[in-house]
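Asks: Below is the structure I would like to discuss, written out as structure tokens.
The values are calculated or read from the model by the stated rules, or taken from the named source; none is laboratory data. Since we're looking at a predicted model, the values are computed, not measured. Please note: Cβ atoms are built from the backbone with ideal geometry, for glycine as well, and neighbour counts cover all protein chains shown. Heads up: the accessible areas ignore ligands, DNA and RNA and are worked out on the full protein's heavy atoms, side chains in. Shrake-Rupley method; radii C 1.70, N 1.55, O 1.52, S 1.80 Å.
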Amino acid sequence: QVQLVESGGGLVQAGGSLRLSCVASGLIFSANTMSWFRQAPGKQRELVATITSGSITIYADSVKGRFTISRDNAKNTVFLQMDSLKPEDTAVYYCNARFSGVSYWGQGTQVTVSS
């Protein structure tokens, strides 16, 4: 079955950096559009960044210039490099894989940014 396993979350001070990883299995990773979403307490889940199978990237306005999404198809892994973190970036971050209308989710990893 398809599994997406996130790692790399944690507690960091404002201005710091974290790198999230998501390892996928059970799917043709290179064919999937991979995304990172996040959900803060009491808020809806929102798209943070997307990278297509052709490595085209899209970012939410709130993270442009601070976050970088990348992928390593040889390792079935998508990354989210998060720099200049702000307290408002605090959320559970979820990895998503999408192909031909079918979507899969990871279990999420907590990111907490202290002021």
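Asks: For Ser21, all conditions in the list (1) surrounded by 15 or more Cβ atoms within 10 Å (Cβ to Cβ); (2) over 16 Å from the mean Cα position of the chain (by Cα); (3) not β-branched (Val, Ile, Thr) hold save one; what is the number of the exception?
Replies: (2)
Asks: Restricting to region 1-18, and then to whatever is open to solvent by less than 50 Å² (accessible area, probe 1.4 Å) and either of a type in the set (A, V, I, L, M, F, W, C) or in contact with an Asp or Glu (Cβ under 7 Å, 6 or more places away or on another chain) (or both), can you tell me which residue is farthest from Val92 (Cα to Cα)?
Replies: To start, the set of residues in region 1-18 that are open to solvent by less than 50 Å² (accessible area, probe 1.4 Å) comprises 2, 4, 6, 8-10, 12, 16, 18.
Retained after the next criterion (residues that are either of a type in the set (A, V, I, L, M, F, W, C) or in contact with an Asp or Glu (Cβ under 7 Å, 6 or more places away or on another chain) (or both)): 2, 4, 12, 18.
Values: Val2: 20, Leu4: 15, Val12: 14, Leu18: 13 Å.
Once the filter is applied, the top-ranked residue is Val2.
Asks: What pairs come out if I take residues in region 1-22 that are at pLDDT 95 or above and among the basic types (Lys, Arg) and pair them with residues that are open to solvent by 30 Å² or more (accessible area, probe 1.4 Å) and in a loop (DSSP other than H, G, I, E, B) whose C-beta lies under 8 Å away, six or more apart or interchain?
Replies: Taking only residues 6 or more apart or on different chains, the pairs are Arg19/Gly8.
Asks: Give all pairs with beta carbons closer than 6 Å in which a residue from region 86-115 that is closer than 15 Å to Ser7 by Cα meets a residue that is polar (S, T, N, Q) and surrounded by 14 or more Cβ atoms within 10 Å (Cβ to Cβ); count only pairs at least 6 apart in sequence or on separate chains.
Replies: Once the first residue is closer than 15 Å to Ser7 by Cα and sits in region 86-115, its partners that are polar (S, T, N, Q) and surrounded by 14 or more Cβ atoms within 10 Å (Cβ to Cβ) give Ala91/Gln39; Val92/Gln39; Tyr93/Thr109; Asn96/Ser35; Trp105/Asn96; Thr112/Thr90.
Asks: A further question follows. Which one is nearest to Glu88 (Cα to Cα), of the residues in region 29-67 that are polar (S, T, N, Q), part of a strand (DSSP E or B) and open to solvent by 40 Å² or more (accessible area, probe 1.4 Å)? If you could, list the steps in order and put the result at the bottom.
Replies: Filtering region 29-67 down to residues polar (S, T, N, Q) leaves 30, 32-33, 35, 39, 44, 50, 52-53, 55, 57, 62.
Now drop any that are not part of a strand (DSSP E or B), which leaves 33, 35, 39, 50, 57.
Subsequent filtering for residues that are open to solvent by 40 Å² or more (accessible area, probe 1.4 Å) retains 39, 57.
Working: Gln39: 11, Thr57: 22 Å.
Top of the filtered list is Gln39.
Asks: Looking only at region 86-115, filter to residues that are aliphatic (A, V, I, L, M) and under 14 Å from the mean Cα position of the chain (by Cα); which one of those is most open to solvent (accessible area, probe 1.4 Å)?
Replies: Step one: of region 86-115, the residues aliphatic (A, V, I, L, M) are 91-92, 97, 102, 111, 113.
Then keep just the ones that are under 14 Å from the mean Cα position of the chain (by Cα); that gives 91-92, 97, 111.
Numbers: Ala91: 2, Val92: 36, Ala97: 0, Val111: 0 Å².
Across region 86-115, the extreme among qualifying residues is Val92.
Asks: Also, I was wondering about something else. Consider Phe99 carefully, then state whether it is of a type in the set (A, V, I, L, M, F, W, C) and over 19 Å from Arg19 (Cβ atoms).
Replies: Values: of a type in the set (A, V, I, L, M, F, W, C): yes; over 19 Å from Arg19 (Cβ atoms): yes.
Considered against the rule, which asks whether it is of a type in the set (A, V, I, L, M, F, W, C) and over 19 Å from Arg19 (Cβ atoms), Phe99 comes out as yes.
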